[in-house]
1. Are any of the pairs 28/66; 103/126; 115/137 more than 23 Å apart by Cα-Cα distance, and if so, which?
2. Return the loop-located chymotrypsin sites (Phe, Trp or Tyr not before Pro) in the stretch 8-99 (DSSP other than H, G, I, E, B) with at most 11 other Cβ atoms within 10 Å of their own Cβ; answer none if there are none.
3. Only Lys, Arg, Asp and Glu count, each charged at its Cβ (+1, +1, -1, -1), so figure out the dipole size of the stretch 1-133 about its Cα centre, rounded to 20 debye.
4. Would you be so kind as to identify all helices of the chain, as entire DSSP H runs, whose Cα atoms reach 18 Å or more along the helix's own axis and whose mean Kyte-Doolittle hydropathy is at least -1.0?
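A short reminder: the numbers here are calculations on the coordinates, not readings from a lab. Keep in mind that this is a model prediction, so the values were computed, not measured. Here Cβ is always computed from backbone atoms with ideal geometry, including for glycine, and neighbour counts include all displayed protein chains.
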Amino acid sequence: MNIQETVNDVLEKAITYRYDKNVIENYKFIKSELTRGKFKECSDKDATKIIVNLIRKQTELLDLFKSSPEKSSEIKDFISCLGGFLSEDVLNQINMTEDLLKKWIKTNIDWSTVKNNMQAIGMVKKGLPYVDGNLIKKVLENSL
């Protein structure tokens, strides 16, 4: 079962078993994002990109609503809901720290093939497509 089918299945179960209204609304929103625009049916790769972008946007909102515990809780629940549809590898990339990224870069980038640190961005993005580009740029600019 692909991600889009899984979302549909989980939504159907949430409605059938009368889950909390917010939970059902979260699943409906995810379903609508996956079928929006050109994606009447989307591949797992496209669905993963959409969900990763939603997590990033929600994380930004979480920073804005730190002073509101109720809203922060809702956003955290939604992020958790989104993360449930992603593989562990993708979640690890989304949550990668600077230290882990430095280690990965030192292990996986052949510096003899690049003229400067910034040329390595593409190589890192190819190996770790879901790591935040700003984090990659920061690590390459500051610490290697």
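1. Cα-Cα > 23 Å for 28/66; rest within.
2. Counting only loop positions with at most 11 other Cβ atoms within 10 Å, the chymotrypsin sites (Phe, Trp or Tyr not before Pro) in the stretch 8-99 are 17.
3. Working: 21 positive and 20 negative charges, 80 e Å.
It works out to roughly 380 debye.
4. 3-16, 21-34, 44-64, 69-83
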